[in-house]
Amino acid sequence: MPWFWSNQGDLRIQIVGVSDGHDDLVVRRSEDRITVLYYRDGVLIAADTVDNPRDHNAAKRALANGQTIDREAAADIEVPLKSLVRPV
């Protein structure tokens with residue numbers, strides 16, 4: 001599973017998976033962090049995060065284990081992503 005991280009000034013950018021070919025996405029945004037989850041045919045294929053290591057780790061774990069994250073529930077920033085991981 002490809003992944004990448006970079007510190008740009010005060011920001012920590014983390015990417016996991018490959019978002020090419022996605023047909024849907026979910027944006028989770030709070031005042032100081034953002035997560036973009038990319039889906040193809042309803043299945044998670046990648047995630048980009050800025051200052052959100054918990055979401056990055058949940059997405060990375062799901063992708064590495066052939067799982068997905070529930071798309072509809074993921075839109076709620078108050079719900080931890082790790083609680084939404086499920087089999088494909």
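Read-outs: derived from the displayed coordinates by stated rules, not from any lab. Just so we're clear, the structure is a prediction, and the values are computed from it rather than from any experiment. FYI the Cβ positions are ideal-geometry reconstructions off the backbone, even for glycines, and counts take in every protein chain you see.
This table checks each residue for (1) β-branched (Val, Ile, Thr); (2) part of a strand (DSSP E or B).
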| site | (1), (2) |
| --- | --- |
| Arg12 | no, yes |
| Asp20 | no, no |
| Tyr39 | no, yes |
| Ile45 | yes, yes |
| Ala59 | no, no |
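Number of residues in the range 2-26 that are surrounded by fewer than 17 Cβ atoms within 10 Å (Cβ to Cβ), on the phi > 0 side of the Ramachandran plot and under 13 Å from the mean Cα position of the chain (by Cα) equals 0.
Among the residues examined, Val85 qualifies as in contact with a helix residue (DSSP H, G or I) (Cβ under 9 Å, 6 or more places away or on another chain), buried (at least 16 other Cβ atoms within 10 Å of the Cβ), farther than 16 Å from Met1 by Cα and not small (Gly, Ala, Ser). Cβ-Cβ distances below 8 Å connect the following pairs, each with a first residue in the range 58-84 that is at negative phi, a second residue that is of a type in the set (S, T, N, Q), and a separation of six or more residues or different chains: Ala59/Thr35; Ala59/Thr49; Arg61/Gln67; Ala62/Thr68; Ile77/Ser30; Leu81/Thr35; Lys82/Asn57. Cβ separations smaller than 6 Å between residues 6+ apart or across chains give the following pairs from the range 11-27 residues that are closer than 10 Å to Tyr38 by Cα to residues that are of a type in the set (D, E, K, R) and surrounded by fewer than 16 Cβ atoms within 10 Å (Cβ to Cβ): Gly21/Arg40; His22/Arg40; Asp23/Arg40.
Output yes when any residue across the range 27-43 is among the acidic types (Asp, Glu) and crowded, with 16+ Cβ neighbours inside 10 Å, and no when none is. The answer is no; no qualifying residue exists.
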